[in-house]
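See below for the structure under consideration.
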Amino acid sequence: MSQHWYEVKSNQGIVQVMLGWDPPLQWFHMCIDYDINAAEDPLYTNLAEPDPYYVTPEYL
């Protein structure tokens, strides 16, 4: 599974963005949070989408 990490300035301050590709599942994943490693739910994750397996990078 690939993971690319970015720190991005947002209206709410600096956020961490993790974007990647999962070869066995053949789908993209993305998570946005102030601290990706925090125990709370992230600000955004494609797993919360109605159909996360068909989310494309253009959508993200």
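The values are calculated or read from the model by the stated rules, or taken from the named source; none is laboratory data. None of the values given here were measured: they were computed from a predicted structure. Because the Cβ atoms are built from the backbone with ideal geometry, glycine has one as well, and the counts that use them run over all protein chains shown.
Annotation: of all residues in segment 39-60 being of a type in the set (F, W, Y) and within 12 Å of the chain's Cα centre (by Cα), the one that is surrounded by the fewest Cβ atoms within 10 Å (Cβ to Cβ) is Y59. In segment 1-29, of all residues being part of a strand (DSSP E or B) and among the aliphatic types (A, V, I, L, M), the one that is nearest to V55 (Cα to Cα) corresponds to L19.
No other residue among I32, I36 is surrounded by 10 or more Cβ atoms within 10 Å (Cβ to Cβ) and assigned to a loop (DSSP other than H, G, I, E, B) apart from I36. Taken over segment 12-60, the residue count meeting the criterion of being in contact with a Leu (Cβ under 9 Å, 6 or more places away or on another chain), among the hydroxyl-bearing types (S, T, Y) and modelled with pLDDT under 90 is 1.
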